[in-house]
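Colleague: Here it is, the structure in full.
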Amino acid sequence: MGDMCARSSDASRSTTGWGRYSRKSASWPPDGALVGFGSFIPELIVDLYAAVVAGDLKTAMALQARINPLKDVVYGGGEPTGDAHARMKMAMYLAGILKSPAVQPPTRLPSGAELKAIEDALRAAGMLKRTT
């Protein structure tokens with residue numbers, strides 16, 4: 001981070017919100033990325049970034065294909081909202097990353113079909129450590 005700040009007057013390229021459009025965003029590629037989704041799947045994000053920087057589009061596309069189902073159950077078709085944060089917390093809890101999925105009112109935890117979709121995506125990714 002210090003290096004990036006020191007170069008702030010240079011023509012450095014960085015991106016944010018990278019998790020949802022990772023391969024596409026990295027295809028230019030940036031010098032760095034601020035990825036909130038990285039707290040959920042850090043290894044996949046790091047591997048994806050490395051593949052893109054190395055010009056390995058085949059690996060980048062395979063990694064993005066693994067990320068997409070997880071991204072879809074967290075973000076759905078829209079932008080991050082309280083609901084998306086609740087879905088990410090639940091996914092991180094079910095993956096064994098968080099001790100609790102608790103959210104602050106009025107945000108509600110996912111339930112029913114939405115919760116099942118999160119469990120299914122985690123199971124498919126080999127990340128499901130808990131069930132509800």
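The values are calculated or read from the model by the stated rules, or taken from the named source; none is laboratory data. Please read these numbers as outputs of a predicted model, since none were measured by experiment. All Cβ positions, even for glycine, are placed from backbone atoms using ideal geometry, and neighbour counts span all protein chains on display.
Colleague: When the residues of segment 37-54 are filtered to those that are over 24 Å from Ala84 (Cβ atoms) and among the β-branched types (Val, Ile, Thr), which remaining residue is surrounded by the fewest Cβ atoms within 10 Å (Cβ to Cβ)?
Modeller: Val53
Colleague: Can I ask one more? If Pro101 meets every condition in (1) modelled with pLDDT of 65 or more; (2) farther than 18 Å from Met127 by Cβ apart from one, which number is that one?
Modeller: (2)
Colleague: Taking interchain pairs and intrachain pairs at least six residues apart, which have beta carbon atoms under 8 angstrom, with the first residue in segment 75-87 and within 13 Å of Gly36 (Cβ to Cβ) and the second modelled with pLDDT of 85 or more and surrounded by fewer than 12 Cβ atoms within 10 Å (Cβ to Cβ)?
Modeller: none
Colleague: Would you point out which residue out of Leu57, Leu109, Leu94 is exposed (fewer than 14 other Cβ atoms within 10 Å of the Cβ), free of Cβ contacts under 8 Å to residues at least 40 places away in the same chain and touching a helix residue (DSSP H, G or I) at 6+ places or on another chain (Cβ under 9 Å)?
Modeller: Leu57
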